[in-house]
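The values are calculated or read from the model by the stated rules, or taken from the named source; none is laboratory data. Because the structure is predicted, anything quoted here is derived from the model rather than measured. Quick reminder, even Gly has a Cβ in these numbers, built from the backbone with ideal geometry, and neighbours come from all protein chains shown. Quick note on the areas: whole protein, heavy atoms, side chains included, nothing else; ligands and nucleic acids left out. Shrake-Rupley method; radii C 1.70, N 1.55, O 1.52, S 1.80 Å.
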Amino acid sequence: MTDIVFEVDGKKHELLLPECWNEVQNVHYPHLAHLFLKEAHQMNEYDKMVRAFCLLAQSVWPAIEKLSEEQIYDLVQLTFWVFERLDLSVNKIPEFSIKGTTYYGPADRLDNLRFGEFVMAETYFIQYFNTKDPNVLNKLIAVLYRPKGKGKEYVVGSATYRGDVRVKFNGQNVDDQAKTFELLNPVIRDAIYLFYVSARWLLFENFPHILPKGKNKSKGASSKPNEPNYGWIGVFDDICGEKGRTPEMLEDEFASTILMSLERTQIKWKKNKK
């Protein structure tokens, strides 16, 4: 946090401005994410920067309005990072409620994401990235957010705790759940989407041999134009059966474990090829 103390009309005021996305207050985050995702035809960059500053500085806004334009501009520069560095790893929408049901999201850094839900999340993420179809975004959210499971394996601290309070992922429920999420505030939908955008790339940075930096192709994409691209679903099919894994076992393994295995395989393959 940047701690700024300034004086207006003989009275001192203190302003705490976050220096990265993880430091943004949960109450401000959805609106900042919604603002971040505004496209050029919706809002120009200058308006976005000024509105981001207004949002983050609203606690002392009456005092800031009395500052000179030069002083305000100097303060606005302290929030340029909002649009220059997306480094969010903390899930600031850990849960939400609709029609009396509470839905819980993935852990920070997507740490508890299982491979089955990761494959489906990536499928819907790529579709939404290309189409901007809100129905597809609802499906992505339906993959990530689920009600709390029942039994000791869903109780934090239990000897049998599975590392996730959410009920096990079932792809058959996605379409129905997505219809319920049509009622979700668009601001919250954007906030969930931006977290996934940021957290997935931070996750991929740990596995540079699977998805080299700067490449936008999903894993499993064909390098030949005439071959179909099955994405992560193709990867799932390729490794199902390895090490005695059944489809059910593979779906329930942590995504990070599978990605680490794929990374090691790629490193070994490149070493042997060399």
Any hit, the range 47-69, residues being among the β-branched types (V, I, T), open to solvent by less than 90 Å² (accessible area, probe 1.4 Å), touching a strand residue (DSSP E or B) at 6+ places or on another chain (Cβ under 9 Å) and not in a loop (DSSP other than H, G, I, E, B): yes
Any chance Y193 is at pLDDT 95 or above, closer than 26 Å to N135 by Cα and either open to solvent by 60 Å² or more (accessible area, probe 1.4 Å) or out of contact with any Lys or Arg (no Cβ under 9 Å at 6 or more places or on another chain) (or both): yes
Output for the range 13-30, where each listed residue is surrounded by fewer than 19 Cβ atoms within 10 Å (Cβ to Cβ) and under 21 Å from L184 (Cα atoms): Q25, N26, V27, H28
The range 52-80 - residue that is of a type in the set (G, A, S) and under 25 Å from the mean Cα position of the chain (by Cα) and, of those, farthest from V5 (Cα to Cα): A52
Residues of the range 1-57 classified as among the small types (G, A, S) and on the phi > 0 side of the Ramachandran plot, total: 1
Single unsatisfied condition, G234 versus (1) open to solvent by less than 50 Å² (accessible area, probe 1.4 Å); (2) modelled with pLDDT of 75 or more; (3) in contact with a helix residue (DSSP H, G or I) (Cβ under 6 Å, 6 or more places away or on another chain): (3)
Scope the range 257-274; condition closer than 14 Å to E242 by Cβ and among the β-branched types (V, I, T); matching residues: T257, I258, T265
Residue list for the range 56-81, restricted to those being closer than 20 Å to E45 by Cβ and either in contact (Cβ under 8 Å) with a residue 60 or more places away in the chain or touching an Asp or Glu at 6+ places or on another chain (Cβ under 7 Å) (or both): L75, L78, T79, W81
Unique residue being open to solvent by less than 50 Å² (accessible area, probe 1.4 Å), part of a loop (DSSP other than H, G, I, E, B) and either touching a strand residue (DSSP E or B) at 6+ places or on another chain (Cβ under 7 Å) or in contact (Cβ under 8 Å) with a residue 12 or more places away in the chain (or both) when the list is V119, V90: V90
Breaking point among (1) closer than 17 Å to F254 by Cα; (2) in contact with a helix residue (DSSP H, G or I) (Cβ under 9 Å, 6 or more places away or on another chain), for D133: (1)
